[in-house]
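What follows is a single structure, written as structure tokens, with notes after it.
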């Protein structure tokens, strides 16, 4: 995924490896698991580790904020529908 894309354009559920109906507890747990993996201290040779780590933190903040998550879900569903329409048109 491109690190320059706005957080809203990324599939945060995929990023955190969770179901889109995940509870706040599941989101936090998934974040901890993912954050440990990409933590810059754990990946001294990966120049993108810090960006990945920051992206995960942004995802956590967005998905644990009910209003922000609802807005994000709406955008995400719209994007998925558009992609499906595009595929259907071939």
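Some observations on this one:
- The angle between the Cα long axis of helix 49-63 and the main principal axis of the chain comes to about 50°, on a 0 to 90 degree scale.
- Principal-axis analysis of the Cα atoms of the chain puts helix 66-89 at an angle of about 60° to the longest axis.
- Translational diffusion of the chain, µm² s⁻¹ [Kirkwood Rh, Cα pairs; Stokes-Einstein; 37 °C; 0.692 mPa s]: 234 µm²/s
- When 7, 18 are arranged by Cβ crowding within 10 Å, least crowded first, meaning fewest neighbours, the order is 7, 18.
- Cβ crowding within 10 Å, taken as a proxy for footprinting-reagent exposure, orders 36, 89 from fewest neighbours to most as 89, 36.
- With Cα atoms, 0 to 90° folded angle of helix 24-38 axis to the chain main axis: 50 degrees
The numbers here are math on the coordinates, done by the rules we state, and not lab data. The shown structure was predicted, so the numbers you read here are calculated from the model rather than taken from an experiment. Because the Cβ atoms are built from the backbone with ideal geometry, glycine has one as well, and the counts that use them run over all protein chains shown.
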